[in-house]
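Comments concern the structure below.
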């Protein structure tokens, strides 16, 4: 269980994270989404005790991370796959972590096998690893203590399509066995495939949180017309909040019947009118984060 309670982080006058609250339950994968600079990584670092919050707090299994007596046995963390000693081999990195956590050394070989790093890869120095191999090693480190909670920031970076498919199955199996997963990723289709719940952040604030299917069902209406400018004017006259898409359409936070009536009142012929949720997580993400201010210097 992860509980985030009114977390705020300010750097001078700038709020990187502003009053963020959400929870992640056992047996679920929670997708943590937002554009670059939205505050995702800062939030995850605060959960893991690496960045002190300005206000608010977070707990894992009811305890702040820094107070966990042996955190690696309860929480598996992967925030930066490159933050590993380049001069050690993959096996050495895991063996040292196992000794630190008091884990049976037989788990080293088991976890290397689980993440697909064979004997030859285990003997190579981490500095010679590709990004995808470092991600796999980072996952092995996160799983080494057999934790009940995983906190992962962009773990699929550098993985090929087969690797991404493998990771999806790994995380789904972990959650199905009662584990809790908090997953940040820009690969929206993969998040849609594996996540049970979503937390969407924009400009340092939560803009949506809840069950994935419920959020997708309430995404609004996608509408297109032969004259996009006239359609925008008609929506504005009807005071219907609309977000312009990249393909000439609009996502409107209203029921299709209301949107269609506004177009009919303006004498417009529509070329498309349907629930936006049928466009999947990508469309929902663009709708929720459109216009949200971002801070590129603070992620």
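Any read-out appearing in this document is the output of simple, stated calculations on the displayed coordinates, not a laboratory observation. Not measured: the values here are computed from a predicted model. Using ideal geometry, Cβ is built from the backbone for each residue, glycine included, and neighbour counts are taken over all protein chains shown.
What ranking of 185, 21 emerges when the number of other C-beta atoms within 10 Å of each C-beta is taken as an exposure proxy, fewest first?
By the 10 Å Cβ count, ascending, the order reads 21, 185.
Under the 0.36 nm per residue contour assumption, what length would be gained going from the current alpha-carbon distance of residue 88 and residue 160 to full extension? Write down the numbers at each step before the final one.
Details: separation 72, 0.36 × 72 = 25.92 nm, distance 2.44 nm.
Full extension from residue 88 to residue 160 adds 23.5 nm.
Roughly how far apart, in whole Å, are the Cα centres of the range 118-138 and the range 228-242?
The range 118-138 and the range 228-242 have Cα centres separated by 53 Å.
Once both axes come from the Cα atoms, what is the angle between helix 161-176 and the longest principal axis of the chain, in degrees from 0 to 90, rounded to 10?
Around 80 degrees separate the two axes.
Only helical DSSP H runs with n ≥ 4 go in: add -39500 (n - 2.57) per run for the chain, normalise by residue count and round the 222 nm mean residue ellipticity to 500 deg cm²/dmol. It would help to have the intermediate numbers written out before the result.
Details: 11 runs with 106 residues, N = 299.
When only DSSP H runs of four or more count, the value is -10500 deg cm²/dmol.
Taking the Cα centre of each part, how many Å lie between the range 6-79 and the range 156-204?
Distance between centres, Cα-based: 17 Å.
By how many degrees, 0 to 90 and rounded to 10, does the Cα axis of helix 280-289 deviate from the longest principal axis of the chain?
In the chain, helix 280-289 runs at an angle near 80 degrees to the longest axis.
When 55, 184, 61 are ordered from fewest to most other Cβ atoms inside 10 Å of their Cβ, what list results?
55, 61, 184
Between 0 and 90 degrees, rounded to the nearest ten: what's the tilt of helix 256-265 against the longest Cα principal axis of the chain?
Result, in degrees: 30.
Over the alpha-carbon set of the chain, divide Rg by the Kirkwood Rh and report the Rg/Rh ratio to two decimals.
A ratio of 1.05.
Specify whether the C-alpha gyration tensor of the range 92-190 places it in the rounded, prolate or oblate class, a ≥ b ≥ c being the square roots of the eigenvalues: rounded for a/c under 1.5, otherwise prolate if a/b is larger than b/c and oblate if not.
Working: a/c = 1.92, a/b = 1.20, b/c = 1.61.
Since a/c reaches 1.5 but b/c is at least a/b, the shape of the range 92-190 is classed as oblate.
Which order, highest average first, do 266-273, 147-154 follow once you tally other Cβ atoms within 10 Å for each residue and take the mean per peptide?
147-154, 266-273
Looking at the chain only, what percent of DSSP beta bridges run antiparallel? Nearest 5 please.
Numbers: 31 of 49 bridges.
Percentage antiparallel, nearest 5: 65.
How large is the Kirkwood hydrodynamic radius of the range 26-110, counting all unique pairs of alpha carbons, in Å?
15.2 Å
Can you sort 139, 131 from fewest to most other Cβ atoms within 10 Å of each residue's own Cβ?
131, 139
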